[in-house]
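Structure first, then comments.
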Amino acid sequence: MAIQNWFTAAALLLIIGPPGVASAEGAERDQNASGRLVLRGATVIDVRDGTLRPNMVVVMERDRITAVTSDPVAAEPGDRSLDVTGKYIIPGLIDAHLHYEGYAPELLLNHGVTSVLDLGNDYEWIKAQAEGIRAGWIPGPRLFFSTPHFDGSPPAGSPLLLQRGHKHFVDDVETAREATARYIADGVSSVKIYEKLKPEVLAEIVRVAEEANVPVIGHFRDAEIAAAVGGAGIEHLRAVAASAQDPELVKQVRELKAGRPGSLGLTTVASVDWEKLPGVIDMLVEKNIYLNPTLMGYRSVPHFKEKGFPYEDFELLMNNWRLRYIPLQYRLHIFKEYQEQGVWHWDDLDEHEQQWAITQFENALRMTKMFADRGGKIYAGPDCAATCNFGIGLHQEMELLVDSGLSTLHALQSATLYSAEVLRMEDEIGSVEVNMLADVVVLSGNPLEDIRNTRAITHVISRGQVLDGEYHPEFRNPYAKPEPETSGHYFPSPRISWMSPEALTTESAPARVTIRGSGFIPYSLINFGGRNLKTQYFGPTHLEADVPAELLRIGTHNVVVENPDFAFGTADGAEAEDLFHLGVRPRISNSFPIIVKPPGAPIFTHPNEAAHVN
Ligand SMILES: [Zn+2]
């Protein structure tokens, strides 16, 4: 239906350009919208208190709900009527924490996600998407977006300084006032903050934003600062845990991580003090601060596999040829996430380390439940595409919220009413009531009985239009994301120019290899035949590592350089933990073959390396 037209329109854009499409499409939508859409016979779920209202008629006109009633509604000429007897109607879902991609719209809409809040993206690009969607010539959910990440300047020499404008460094109160006001005037729906902001700077950002009724959301350093300045929403459990740390556990986690040259994905959530935590939560609840636990971020633990999430994603991303427009590296990224804890493969962790990772996940569930039990409001937004798959990821997150012990009602509220409240949009979206925007989802099962029924979608209605629920292989987003690279967001892509030597023998160990190229960062890893080596960084064009004896088997082995995923990266100890919650995909270099020969063969230094001057 409408969505199909939109996608066709988007596909045509490259040929005929936006203005013509916009007017033709706009006219057609107006025509469609002139009649009413009438849904008859379903049970409407009131997300405010979980009341079930059976046998209701829901009427939508243009982009508004105009009646929700058990009284008879007479048919009118031009009505589009749907018999949804025996089904359930919930509000269109709201994903209040994602990082949008150009391929996202059908995945979101077909999973009933009709509104989203983007919390960090290429600013001009996300704004262009929002404008195009609003004007009706790019398909998509209602797209609310944020400022670039406001943060304090990183230490000199940080790779973050080199990257495109996803970050806005704000180090003084004056800049805070000016920048916050400017972005609000530009139409942002939230201000996104990071933990390196000075307290007085953060306070000014919140003051200016609240004056305009714009919520401040993000990575607060800890619960105290969030409560002191009056933040609206806390992303991730880290900040809450940071205010309730058990020093003995902190020591244990630090020791465990110190034994690893890269990163083990344990955060402050692993070392939480359960005695202190209730007081910290009470402080946040009293200030009406909402919590976004992003439980999907822990997806490397076996729990996710037991729940079948990877198979669900596989079915969608790999077995559905109609989604072939999603670039392969994005699809692979989702599966890679399942295998990794930080930059390490789950199976490479020893039992002790695995147990710690599981403990951290169990802590995350327990903290979420405690927050809800003490009267706090949880809102959903699983941080896709960083750690999940658009659309389905929101349903998986709701399921995890129920696993943590939340009621099915609270889980449903987290992706409807409470997400709307965080956005200060509860008068427009998030419930099925008269005067709300015309976004609803029809389900064949009751989600309050089993939260998995949110996936049992029979119809998605977005802006008063019934979507066709299909994926359209011809879809192309008219705005490609202006990334210089094909994968990754924030870090340069590494490239290997040469390696020295380019052949080794089985007895070369420990064999030191020098890699010359570009795009290397202090956290680059040399990967030899599938194994990450302890890598030394000498500059953006120069890395070295020793190849251990057990890897020196006769044959040709591929070497790549990986600039890793920093979602849980630690560069220089626990302090830096979240400074790098930025890059969401590792960047992998070209692969460079190295030959390993039997003992005795002569090994040469690469000729260019011999002549190379540092
Ligand atoms: Zn995020």
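Rule-based calculations on the coordinates, nothing more; no lab input. Keep in mind that what you see is a predicted model, and the values were worked out from it rather than measured. FYI the Cβ positions are ideal-geometry reconstructions off the backbone, even for glycines, and counts take in every protein chain you see.
Residue by residue, what Karplus-based ³J(HN,Hα) values in Hz, rounded to whole numbers, does the range 453-464 have, using 6.51, -1.76 and 1.60 with θ = phi - 60° and x for Gly and Pro?
5, 5, 7, 7, 7, 9, 9, 10, 10, 10, 6, x
Would you work out if the range 381-461 is rounded, prolate or oblate? Take a ≥ b ≥ c from the square roots of the eigenvalues of the alpha-carbon gyration tensor; rounded if a/c is under 1.5, else prolate when a/b is larger than b/c, oblate otherwise.
Numbers: a/c = 1.44, a/b = 1.23, b/c = 1.17.
Verdict is rounded for the range 381-461.
By counting other Cβ atoms within 10 Å of each Cβ, how are Lys377, Lys251, Lys198 ranked from fewest to most?
Lys251, Lys198, Lys377
If you place +1 on the Cβ of every Lys and Arg, -1 on the Cβ of every Asp and Glu, and leave all else neutral, what size is the dipole of the range 31-80 about its Cα centre, to the nearest 20 Debye? If you can, show how the numbers build up before the last one.
On the way: 7 positive and 7 negative charges, 19 e Å.
It works out to roughly 80 debye.
Going by how many other Cβ atoms sit within 10 Å of their own, how do Ser591, Ser404 line up, fewest first?
Fewest to most other Cβ atoms nearby, the residues stand as Ser591, Ser404.
FRET efficiency for Phe314 and Arg553, Cβ-Cβ distance as r, R0 = 35 Å, nearest 0.05? Please list the in-between numbers first.
Working: r = 32 Å, r/R0 = 0.91.
Efficiency computed from Cβ-Cβ geometry: 0.65.
Distance cut-off 32 Å, Cα to Cα: go down the list Lys196/Lys336; Lys251/Lys481; Lys198/Lys257; Lys307/Lys534; Lys287/Lys481 and report the pairs above it.
Over 32 Å apart, Cα to Cα: Lys251/Lys481; Lys307/Lys534; Lys287/Lys481.
Please give the FRET efficiency for Asp273 paired with Ala75, using the beta carbon to beta carbon distance and R0 = 56 Å, rounded to the nearest 0.05.
On the way: r = 62 Å, r/R0 = 1.12.
After rounding, the FRET efficiency stands at 0.35.
Less than 17 Å apart at the alpha-carbon level, and either on another chain or at least 8 residues along: which lysines does that give for Lys276?
Result set, ordered by chain and number: Lys369.
Which of Ala270, Ile65, His542 sits farthest toward the positive end of the charge dipole of the chain, with +1 on the Cβ of Lys and Arg and -1 on the Cβ of Asp and Glu?
The listed residue farthest towards the positive side: His542.
With +1 assigned to the C-beta of every Lys and Arg and -1 to the C-beta of every Asp and Glu, and no other charges, what is the dipole magnitude of the range 337-469 about the Cα centre in debye, to the nearest 20?
That gives a dipole near 580 debye.
Could you calculate the FRET efficiency of Asp171 with Glu362 from 1/(1 + (r/R0)^6), where r is the beta carbon distance between them and R0 is 35 Å, rounded to 0.05?
Once rounded, the FRET efficiency stands at 0.35.
Tell me the chymotrypsin sites (Phe, Trp or Tyr not before Pro) within the range 200-304 that lie in a loop according to DSSP and have at most 16 other beta-carbon atoms within 10 Å.
Within the range 200-304, the qualifying chymotrypsin sites (Phe, Trp or Tyr not before Pro) (loop, at most 16 other Cβ atoms within 10 Å) are Trp274.
Hey, got the dipole for the chain? About the Cα centre, +1 on K and R Cβ, -1 on D and E Cβ, debye to the nearest 20?
1080 debye
For the range 273-413, what does the alpha-carbon gyration tensor say about shape, rounded, prolate or oblate, given a ≥ b ≥ c as the root eigenvalues, a/c under 1.5 as rounded, and a/b over b/c as prolate?
On the way: a/c = 2.49, a/b = 1.49, b/c = 1.67.
Cα axes put the range 273-413 in the oblate bin.
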